[in-house]
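The values are calculated or read from the model by the stated rules, or taken from the named source; none is laboratory data. What you see is a predicted model, and the numbers here were worked out from it, not measured in a lab. A quick note on method: Cβ atoms are made from the backbone with ideal geometry, for glycine too, and the neighbour counts reach across all protein chains shown. Heads up: the accessible areas ignore ligands, DNA and RNA and are worked out on the full protein's heavy atoms, side chains in. Shrake-Rupley method; radii C 1.70, N 1.55, O 1.52, S 1.80 Å.
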Amino acid sequence: MCCGTGCRASQSEQIIANLQEILLQKELQEEVQVVRTGCFGFCEKGPVIKIVPDNTFYTEVKPEDAELIVQEHLIKGRKVDRLLYLNPETQEHEPDSKHITFYKKQYRIALRNCGFINPENIDEYIARDGYLALGKAITEMTPEGVIQEITASGLRGRGGGGFPTGVKWNFTCKVEATQKYVVCNADEGDPGAFMDRSILEGDPHSVLEAMAINGYCTGASKGLIYIRAEYPLAIERLKIAIAQAEEYGLLGEHILGTDFSFDIELRYGAGAFVCGEETALIHSMEGLRGEATLKPPFPSERGYNGFPTNVNNVETYANIPVILLKGADWFQQIGTEKSKGTKVFALAGKVNNVGLIEVPMGTTLREVIFGIGGGIKDGKRFKAVQTGGPSGGCLTDKHLDRPIDYDNLIQAGSMMGSGGMIVMDEDDCMVAMAKFYLDFTVEESCGKCSPCRIGNKRLYEILDRITKGRGTLDDLDNLRNLGSVIKDTALCGLGQTSPNPVLSTLDNFMEEYEAHIIDHKCPAGQCKALLSYVIDPYKCTGCTLCARNCPANAITGERKIPHVIDTKLCIKCGVCMEKCRFGAITVQ
Amino acid sequence: MNKVKSLDDLRKMRESVRASLDLREKSDHPDQMVQVKVSMATCGIATGAKEIMNYFIEALNRKKVDALVTQTGCMGYCYAEPTVEITLPGKDPLVFGYVTKAKVDELIDKYIKEGILLDDILPITYTVVKPE
Ligand SMILES: Cc1cc2nc3c(=O)[nH]c(=O)nc-3n(C[C@H](O)[C@H](O)[C@H](O)COP(=O)(O)O)c2cc1C
Ligand code: SF4
Ligand code: SF4
């Protein structure tokens, strides 16, 4: 019996009680066990029951159905048709959960080995075809052939930009140079994102293998992984993996008896967001300040120490070995027209099943949030979802049924980014959210160009004013104008995207901005400066408890007579509301 | 360790490690090894997966149950960490969430020893691309 939050809310506990009682009556309690499970990600059709070992999947079960299930299914061995999952496409009842296409909603390619293998044992990786793609590439294919396969697969960079990976490899390959480099971008600076970390911690060899393949294609003999020092476990597992691969001769000189040699070293970042941007990353590796520089020249032409450098993201690499083994045609079939394959997301915020998920491109936000994510916590109302972290925008109700892919998200005013997905509910203030991200970008701006260094600071100040009730209607125009100028004129991707959270909330939640400015109210009740605590004189019994606990001595009143809060003295700590036993204090 | 010298070598090696892993996984010999995998990525460790793993090993020794305990990466169920996957000989693997020390004892006494299912099984909600 699914006892995820969704099913629990629709009486799964009652169903369990009924099942147990009936099993007891029929003296089947020894033969049949009723077990609570975590969420099936099927909340729209809950409560759900799965019967093993025959894999029957019952949906929308009611407490009174318990008897029928025991009588018919468990005793007589006849499945209860009415409760079987109805396939929406064929309109047929599915007798076996193995056929339910729902489970294809999550398809693991990049995460194929995470949680399956011991990341510290190269044998387990090899057992699952590890290093076979590298072997195939360097012994049976030409570099051009490999690049062609990757290009044909339609794989696009998972680090944020979505640039076609094969095209990038081809650029780096075509540049003539005495030395070239392959770099893995493992900086992962978005707040709340942990996709790359999980891949490196769960399946480090897949990244090493792909970097070697990239080396073979581009003519590089050296790989560098730029990883933030805040990821000690990932670093340790990478070190173990590199040592094991070298020991097996899968990295190093003359790999698999060929002329191809490749080795990999780690470089540590100090955790600056801008160092995830490829030019800043390269400068940081060179020992220079982590500042972005103008492109072109692209790293593919002139990168690390002036040599052609191919930079790709961790997740991009994790896809490569599978593509080579299964072929571009196979990969092509997954996803949407212009975005192929799957994407890993770190699902966080106000959803029930916070976690790491991988879905084919084209899955809708609704399927992710209300299916896999199990819906909104505590039965609250969904308000928005922020994709793409500080560079992205927020999407609302009206975007829920849009298929997720690079182009759709940009069209909706957000972006794929690296895969952070933060879900917000009715208690989240959108102005405060935009301010939070701006605070982050102001802090993380490298300061090299003025639009970003000064412009973002001004954006932040305006937002701060609005959240304190001191904004004007002119501020709204200023936010919009300034935001678009910053986007157009900033030097690197950080500044070019930093106004997105502001602009998208202006587009989707204008009424919240207006409420702050015109009514001096925060509809979500989050902006402290706009809240006022008041005592309802009809409910207050004059018990004096609040007055005795107020740290600011803001409450006055005599015993047995309704008390009053002096709003000028009140510091809005909320203690009085917590203490009041009569629910007389509210916040408005 | 001898280096892997060719693609053929690598394929042979894959077959031999697969065979030894398979022996561990699929055998339905009753006294065959039980396998326990603890999800040990940063998210798991932050919720105490390391202690759970150590406790599992200790409890198995104490209860004289033969089982192979290994670590693995993130299974994706961050909301239910620590998570542990148990494979009994000849059975499909099962993932249990919200594992505490008390739960470990229960898992050994009830599930591993007697095959009795326990609460907080996490359903597998995804398909994985298959190796060759
Ligand atoms: C401010 C900023 C931060 C970035 N952070 C990351 C990051 O943490 N990880 C990453 O892979 N790419 C990041 N990128 C994108 C990289 O510049 C680059 O496009 C990417 O690593 C290329 O790899 P891909 O083609 O495989 O996506 C960032 C870009 C910008 C502008
Ligand atoms: S946009 Fe911001 S982070 Fe990028 S170069 Fe300019 S100041 Fe630096
Ligand atoms: S919110 Fe805090 S400061 Fe304000 S009246 Fe209540 S207890 Fe006093």
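Here are some notes:
- Hey, residue A:332 over 21 Å from residue A:191 (Cβ atoms), open to solvent by 30 Å² or more (accessible area, probe 1.4 Å), away from ligand 1 (no atom under 16 Å from the Cβ) and modelled with pLDDT of 95 or more or not: yes
- Scanning the range A:534-588 for residues that are surrounded by 15 or more Cβ atoms within 10 Å (Cβ to Cβ), touching a helix residue (DSSP H, G or I) at 6+ places or on another chain (Cβ under 7 Å) and part of a loop (DSSP other than H, G, I, E, B) turns up A:550, A:557, A:563, A:572, A:580.
- Selection status of residue A:342, of a type in the set (S, T, N, Q), within 16 Å of ligand 1 (Cβ to nearest atom), open to solvent by less than 10 Å² (accessible area, probe 1.4 Å) and under 12 Å from residue A:404 (Cβ atoms): yes
- Of all the numbered requirements in (1) among the β-branched types (Val, Ile, Thr); (2) away from ligand 1 (no atom under 16 Å from the Cβ); (3) crowded, with 20+ Cβ neighbours inside 10 Å; (4) under 22 Å from residue A:417 (Cα atoms), residue A:466 misses one, and that requirement is (4).
- Residue list for the range A:404-429, restricted to those being touching a residue at least 60 places away in the same chain (Cβ under 8 Å) and out of contact with any helix residue (DSSP H, G or I) (no Cβ under 9 Å at 6 or more places or on another chain): A:405, A:406, A:407, A:426, A:427, A:428
- Condition met for residue A:190 (more than 14 Å from chain B (Cβ to nearest Cβ), in contact with a strand residue (DSSP E or B) (Cβ under 6 Å, 6 or more places away or on another chain) and closer than 22 Å to residue A:270 by Cα): yes
- Residues (within 12 Å of chain B (Cβ to nearest Cβ) and basic (Lys, Arg)) located in the range A:1-36: A:36
- Look at (1) open to solvent by 10 Å² or more (accessible area, probe 1.4 Å); (2) more than 16 Å from ligand 2 (Cβ to nearest atom); (3) at negative phi and you find that residue A:489 fails only one, number (2).
- Among residues of the range A:157-174 that are more than 16 Å from ligand 3 (Cβ to nearest atom), those with a beta-carbon under 6 Å from a residue that is of a type in the set (D, E, K, R) at least six positions away or on a different chain give the pairs A:158/A:315; A:162/A:156; A:164/A:156.
- Test: residue in the range A:220-229 that is crowded, with 24+ Cβ neighbours inside 10 Å and under 13 Å from the mean Cα position of the chain (by Cα): no
- Screening the range B:89-102 for residues that are open to solvent by 10 Å² or more (accessible area, probe 1.4 Å) and within 13 Å of chain A (Cβ to nearest Cβ) and picking the one that is farthest from the chain's Cα centre (by Cα) gives B:98.
- Consider the range A:37-62 and keep the residues that are part of a loop (DSSP other than H, G, I, E, B) and away from every other protein chain (no Cβ under 12 Å). The one that is farthest from residue A:373 (Cα to Cα) is A:54.
- Looking only at the range A:418-447, and only at residues there that are within 16 Å of ligand 2 (Cβ to nearest atom) and touching a Gly at 6+ places or on another chain (Cβ under 9 Å), the one that is farthest from residue A:465 (Cα to Cα): A:446
- When the range B:113-129 is filtered for residues that are in a helix (DSSP H, G or I) and either buried (at least 19 other Cβ atoms within 10 Å of the Cβ) or among the basic types (Lys, Arg) (or both), only B:113 remains.
- Matching residues, the range A:403-424, being assigned to a strand (DSSP E or B) and either open to solvent by less than 10 Å² (accessible area, probe 1.4 Å) or under 22 Å from residue A:334 (Cβ atoms) (or both): A:403, A:420, A:421, A:423
- When the residues of the range A:161-191 are filtered to those that are in contact with a Lys or Arg (Cβ under 8 Å, 6 or more places away or on another chain) and acidic (Asp, Glu), the one that is nearest to residue A:212 (Cα to Cα) is A:187.
- The range A:249-267, subset open to solvent by 20 Å² or more (accessible area, probe 1.4 Å) and out of contact with any strand residue (DSSP E or B) (no Cβ under 7 Å at 6 or more places or on another chain), residue nearest to the other protein chains (Cβ to nearest Cβ): A:257
- For residue A:384, the conditions (1) open to solvent by less than 30 Å² (accessible area, probe 1.4 Å); (2) part of a loop (DSSP other than H, G, I, E, B) are fulfilled apart from (2).
- Among the candidates A:437, A:460, residue that is without any contact (Cβ under 8 Å) to a residue 40 or more places away in the chain and closer than 24 Å to residue A:523 by Cα: A:460
- Apart from one condition, residue A:366 fits all of (1) under 25 Å from the mean Cα position of the chain (by Cα); (2) open to solvent by 10 Å² or more (accessible area, probe 1.4 Å); (3) under 27 Å from residue A:230 (Cβ atoms); the exception is (3).
- With a requirement of 2 or more residues that are without any contact (Cβ under 8 Å) to a residue 60 or more places away in the chain, the strands (runs of 3 or more DSSP E) lying completely within the range A:216-332 that satisfy it span A:222-228, A:263-269.
- Matching residues in the range A:118-174 - criterion: being within 14 Å of chain B (Cβ to nearest Cβ), of a type in the set (Val, Ile, Thr), more than 30 Å from residue B:70 (Cα to Cα) and open to solvent by less than 40 Å² (accessible area, probe 1.4 Å): A:138
- Residues in the range B:52-64 that are surrounded by 14 or more Cβ atoms within 10 Å (Cβ to Cβ) and in contact (Cβ under 8 Å) with a residue 40 or more places away in the chain: 5 in all.
- Options A:189, A:290, A:215; residue that is within 29 Å of residue B:39 (Cα to Cα) and either within 16 Å of ligand 2 (Cβ to nearest atom) or open to solvent by less than 20 Å² (accessible area, probe 1.4 Å) (or both): A:189
Matching residues to (1) part of a helix (DSSP H, G or I); (2) surrounded by 22 or more Cβ atoms within 10 Å (Cβ to Cβ); (3) within 14 Å of ligand 1 (Cβ to nearest atom):
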residue	(1), (2), (3)
A:435	yes, yes, no
A:441	yes, yes, yes
A:448	no, no, yes
A:457	yes, no, no
A:471	no, yes, no
A:477	yes, no, no
A:495	yes, yes, yes
A:502	yes, yes, no
